[in-house]
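Just so you know, all these numbers are worked out from the coordinates, no wet-lab data involved. Keep in mind the model is a prediction, meaning the values are calculated, not measured. Here Cβ is always computed from backbone atoms with ideal geometry, including for glycine, and neighbour counts include all displayed protein chains.
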Amino acid sequence: MNKELRFNDVISSLKEPLADVEALEVLEDEVVSQAVLPPETSGVKKETSRSLKGKSSNPEYTQTSVYVKRTTYNNIKRKLLDENVEGTGRDYSDLVEELLTIWLRGERGGLGV
């Protein structure tokens with residue numbers, strides 16, 4: 001097929017006069033008026049229920065690090081996993097918080113400190 005014949009329709013459409021500019025502006029206004037725009041935000045980040053639950057995002061908590069013997073830590077993780085199967089839901093930081101609170105109150109029975 002000849003290239004000239006394939007593009008005859010395109011060339012003939014270019015020779016036709018352009019549509020009225022005012023008609024295009026009216027069409028553009030209709031499209032813009034029918035567009036669904038997202039609601040405006042005030043720039044304040046909305047807190048989700050997940051962000052309220054995390055200790056890292058809670059200002060009441062601070063991150064610390066400690067050195068614990070590897071065998072002790074592995075035994076603690078194993079015991080906490082066993083407890084979580086039973087439904088207590090306590091994690092390592094909960095355990096440390098609980099033990100430190102007991103120590104601060106002076107209830108040193110069993111803590112050995």
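Some observations on this one:
- Neighbour-count order for Leu99, Leu104, fewest beta carbons within 10 angstrom listed first: Leu104, Leu99
- Principal axis box of segment 63-105, alpha-carbon based, largest edge first, Å: 29, 24, 18
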